[in-house]
1. Limited to segment 715-730, what total is found for residues that are at pLDDT 80 or above, closer than 23 Å to W272 by Cβ and part of a helix (DSSP H, G or I)?
2. Please determine, by comparing only the residues of segment 418-439 that are assigned to a loop (DSSP other than H, G, I, E, B) and over 44 Å from the mean Cα position of the chain (by Cα), which one is surrounded by the fewest Cβ atoms within 10 Å (Cβ to Cβ).
3. In contact with an Asp or Glu (Cβ under 7 Å, 6 or more places away or on another chain) and under 29 Å from W82 (Cβ atoms), is that true of V807?
4. From the residues in segment 674-689 that are open to solvent by 10 Å² or more (accessible area, probe 1.4 Å) and hydrophobic (A, V, I, L, M, F, W, C), which one is modelled with the highest pLDDT?
5. I'd like to verify a number: residues in segment 479-501 that are open to solvent by 50 Å² or more (accessible area, probe 1.4 Å), in contact (Cβ under 8 Å) with a residue 24 or more places away in the chain, polar (S, T, N, Q) and assigned to a helix (DSSP H, G or I), how many?
6. For segment 863-884, give me each residue that is over 20 Å from V778 (Cβ atoms) and surrounded by 14 or more Cβ atoms within 10 Å (Cβ to Cβ).
7. For residues that are at pLDDT 90 or above and open to solvent by less than 20 Å² (accessible area, probe 1.4 Å), tally how many sit in segment 175-187.
8. Name the single residue that is nearest to T333 (Cα to Cα) among those in segment 175-187 being in contact with a strand residue (DSSP E or B) (Cβ under 6 Å, 6 or more places away or on another chain) and assigned to a loop (DSSP other than H, G, I, E, B).
Amino acid sequence: MNGNTPPPWHHLEIHDTLARLASTAQGLSSAEAARRLTHHGPNVLPEAPRPGPWRRLLAQFHNVLIYVLLASAVVTLAIGDWVDTAVIVGVVLINAAIGFLQEGKAEAALNAIRHMLAPQATVLRDGERLTLAASQLVPGDVVLLQSGDKVPADLRLLEIRNLRLDESALSGESLPVDKNPAPLPPETVLSDRRNMAYAGSVVSYGQGSGVVVATGRDTELGRITRLLATVQADSTPLTRMLQQFARWLTALILLVAVLTVLLGVYWRGQPWPEMFMAAVGLVVAAIPEGLPAIVTITLAIGVERMARQRAIMRRLPAIETLGAVSVICTDKTGTLTCNEMTAVRLVTARHEVSVSGAGYRPDGALHLAGTPLPPGRQTDVDELVRAAALCNDARLLHHDGHWRLCGDPTEGALLTLAHKAEWPPEVLHEQWPRRDAIPFEAEYRFMATLHHDRNGHRQIYLKGAPEVVLARASHELAEGRLTELNAARWQQTVAELAAQGMRVLALAGKSQPHAGEELDFADVEDGLTLLGLVGLIDPPRPEAVRAVASCQQAGIRVKMITGDHALTATAIARELGIGDGRLVLSGEELEAMDDARLAEAVRHTDVFARTSPEHKLRLVQALKRHGQVVAMTGDGVNDAPALKQADVGVAMGGKGTEAAKEAADMVITDDNFASLTRAVAEGRTVYDNLKKTVLFILPTNIGEAAIIVAAVVAGLPLPITPVQILWINMVTAVTLALALAFEPSEGLVMRRPPRRADASLLDRLFLWRLLLVGALMVAVPFALYLDAVERGLGEALARTVAVNSMVAIEIAYLFNIRQLDASAISRHGLGGNRVALLSVALLVLLQLALSYAAPMQALFGTAGLAGGEWLKILTGALACFLLLEGEKALLRRYRQLTRATH
């Protein structure tokens, strides 16, 4: 027990293990256990240090865009606008509260793993059997296990009786693992260590005892916890983009404001105080103070839509990241597959029968040469199914429309097979009641049962590993007659089924004329008649096949990363259409690769088998180094580190562990891989709506700022005052910009490739729109303002014309931007979003109040307009709308010509 590196416990003989631990098969004394508890500490996973609530809250304000918002609040406070200052500060506080509540995801994941440790354990102390808290276990304790127990610490098994463990949460192995205390080679990988029982796994069958070799943080579960604690959560493409954008925007606004003041003072000879207020107006106009709130609301609306699709988002920005996903790394067991063993192939001496349906629900049928096979048609098949149902200890329970298995998954699959063949197991048991049985032992690798019919005929059925059953058989059943066994042909058939990723069972029978009540090994030693083979697999979900195809159509590459065997993984991948059906990398091969070789391998390989948590983590990291946006799906503890490392971690909610759910950004509540496809589509829609929002807010804000710069350069009074600009920003952000968050998908959203992770909002379209819309929002309102001034209508009325003209152009631009490429002059472009129409109606009422309500006139310096002024305003807005639609038509034509040329 000296040194920091533990010995290879799976390689040691039992007596060597006990000697290393200074223990015996009767366990420790109470005094020695107490001493070791003081030395090793309790058997709990240590809690990582967490930042305090105040530190977490203050961290929410460490963001450039928040700095811009606070600066805008200072500006509005400087001009004496207390109401709008309060609104902006409120936006900052709301954003901080949302981020504060979303923090602590990693700590919650650690807690979930910590709670997986069994609360109680049965141990031998002072030679006596007793139950104590699992936290009291120490290395050297001897723990007793039985069916249903959760393993409380890492154990080296001492004795077993038919012991099988469900290790799927740790290794990804879809079937319970048969245990054997015999030593193994030192290089044996964790998932193949049959003489070990690891903390967090569950006893699905049998009994056993083992000596504790590791507790708490030193267990495999503790190692995963430490691995998870080292994973740093990345920022999302959206947050990275907004941070970059905010820095650029802040610098540009301040530069333009300074230049405007200098131009006004030194070129136009304007006084400093007046130019300072012009700069204040420019900053107020250009800063998009409503943008963070609208981004948050847009994401929240997407979250609500996804919840209706059974996808729960745990972190708001992750929904937008879904739209950029280019690779999905998915676990196999329980994610792409049903996690329910299913009999899919029956082979008799003369026939091969396929079985439809998946899982334990007995929906499906037997098919011979593509034709449904009714009961009684093929004697050989009926006898094979009868043996599968009778030589069986499992039970299928039907409750509230759901089928639940009690027992071994393989035996559950055989019971389901009997139902599909229309041979109900309960009826068969009445006809052939069991008298005795030889239970399955890993040492013998078979199970046998003895049955009597009503006439006292003795019938033995045996099922087990094909090589074991074939060695005991002398004949085979062919068309109801006994013929000599063709062992070579059967061995070839077994190899063919195994190559397809199936687990193969052989079933045999033996009739005896004399009636007896006991079954012993001599009865099944030889002389059996081989009835046939059953091929079983954890089948792909039917909807997962369609979902994978949909992802690939959308330009998203799907990679399977599983702890299962390579043959099984390849077979499932082939059915799902993942990879080329041939290339697969194992965990051992990954272990031998350095980061450079691994980075190259992930580009060409889509199927990875026998992987560990570290392998999954390395694969995600390698893909991200290639610039891929990675989504990782999973449901086991072994998936948690990779879920946290991925750009989007997706946990399966039904059968998933709490650790996986807490580490994930999104939880699929129905365990349906197809829900992820719908989530990706929603993520793309959310990004489209965010892009529309930014394409709406920024050009209009630039237009509002540019009109001030134009006035300063021209040496004219400001056509719109700072407080009027703040009014425009506030009401259009609340109404028009927010309406874009409710836009539905634009049709072929899943027929286009994912956008690049480093794609910027500042593309050529954005810059062009910035110039075009900004120019229109300067030219038209300025022209109408100058027209009103020249006609002697007064400064207040002229500015009211300019304010309403600017808002009218923004309304026109809203309908234009609702379709990024398609024409807005259509039913969907002008309708299709009830919120947009209601927002326009509300904005019209607000503008009427601004123009005609006396308190608003006093506050904002406006005046009532005559009908002729409204006509000019509407004509200017309509002209802008038609010009923008013409620009879109030219761009569409240009793209068509470009595609035709290439």
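The values are calculated or read from the model by the stated rules, or taken from the named source; none is laboratory data. In this text the structure is predicted, and so the values were computed from the model without any measurement. Because the Cβ atoms are built from the backbone with ideal geometry, glycine has one as well, and the counts that use them run over all protein chains shown. We work out accessible area using only protein heavy atoms, side chains counted, and drop any ligands, DNA or RNA first. Shrake-Rupley method; radii C 1.70, N 1.55, O 1.52, S 1.80 Å.
1. Residues in segment 715-730 being at pLDDT 80 or above, closer than 23 Å to W272 by Cβ and part of a helix (DSSP H, G or I): 2 in total.
2. Top of the filtered list is P433.
3. Taking the combined requirement at face value, the residue does not satisfy it.
4. A681
5. Result for segment 479-501: 1.
6. A863, G864, L865, W870
7. Qualifying residue count for the region: 1.
8. P176
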